[in-house]
Amino acid sequence: MNSESRRLRMMINCAIFAATTAILAQVEIPLPVVPISGQTLAVGLTATILGSRQGAAAMTCYAALGAAGLPVFAGFKGGAQVLAGPTGGYIIGFIAAAFVTGYILEKTSFNLPMALIANTAGMIVTLLFGTIQLKFVLDLTWTQALAAGVYPFIAVGLIKAFLASWIGITVRRRLVQANLIHSSRKAVA
């Protein structure tokens, strides 16, 4: 496959997974400050299937679409104000989480146990970014920020990490078999 075909495939993959994230973002359970949504499941799936570079690129595309005003964030929200608001840190954290998750898998192995470790690490990265912004935007103490931005999401986050790992590894294997993504541990540039 030549470099133009590879770049086109990467752009298509990024668009598909940005769209998947936008769709799963609309599946949400409202909570007082930060809702539980399918966005983080999509981040884990994206990174598990595509790896670090393409996963981070897909999440960058997702964040950029939302920042441009498209209603892709949870609750059909969009606009730069969402990224600057209380939940914006989570969305920015998706980029770092996708990179970290994919990187761990690329440096180890794309299998279920490693995917679970990688997706759990990605969940921690997302919660870290989100809680820091939540604390400063809402002028909370660290205790209040952790109570609003971390504790309610640990159990459901671990469930999503497992689902992203299991589904992601299964889909990745099939895409590799179909020669739709590269099979090596390293992400294709």
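Somewhere in segment 151-164, is a residue at pLDDT 95 or above, within 26 Å of Met11 (Cβ to Cβ) and either touching a His at 6+ places or on another chain (Cβ under 7 Å) or not acidic (Asp, Glu) (or both)? Yes, segment 151-164 contains a residue that is at pLDDT 95 or above, within 26 Å of Met11 (Cβ to Cβ) and either touching a His at 6+ places or on another chain (Cβ under 7 Å) or not acidic (Asp, Glu) (or both). Elements of the type helices (runs of 4 or more DSSP H) sitting completely within segment 71-189 and holding at least 3 residues that are surrounded by fewer than 20 Cβ atoms within 10 Å (Cβ to Cβ), of a type in the set (Val, Ile, Thr) and touching a residue at least 60 places away in the same chain (Cβ under 8 Å): these cover 154-177.
Kindly check whether there is at least one residue in segment 108-116 that is modelled with pLDDT of 95 or more, of a type in the set (Val, Ile, Thr) and closer than 18 Å to Phe153 by Cβ.
Start the filter on segment 108-116 by keeping residues that are modelled with pLDDT of 95 or more, which leaves 108-116.
Those left that are additionally of a type in the set (Val, Ile, Thr): 108.
Those still in the list that are closer than 18 Å to Phe153 by Cβ too: none.
Among the residues of segment 108-116, not one is modelled with pLDDT of 95 or more, of a type in the set (Val, Ile, Thr) and closer than 18 Å to Phe153 by Cβ, which makes the answer no.
Give the residue, chosen from Thr40, Thr48, Thr20, that is out of contact with any strand residue (DSSP E or B) (no Cβ under 8 Å at 6 or more places or on another chain), under 25 Å from Lys135 (Cα atoms) and touching a residue at least 12 places away in the same chain (Cβ under 8 Å). Walk me through how you get there before you give the answer.
On the way: Thr48 fails: under 25 Å from Lys135 (Cα atoms); Thr20 fails: under 25 Å from Lys135 (Cα atoms).
Answer to the check: Thr40.
Of all the numbered requirements in (1) hydrophobic (A, V, I, L, M, F, W, C); (2) under 17 Å from Lys160 (Cα atoms); (3) buried (at least 22 other Cβ atoms within 10 Å of the Cβ), Val34 misses one, and that requirement is (3).
The values are calculated or read from the model by the stated rules, or taken from the named source; none is laboratory data. If you're wondering where the values come from, they're calculated on a predicted model, not measured in any experiment. For neighbour counting, all protein chains shown are included, and Cβ atoms are generated from backbone atoms with ideal geometry for every residue, glycine included.
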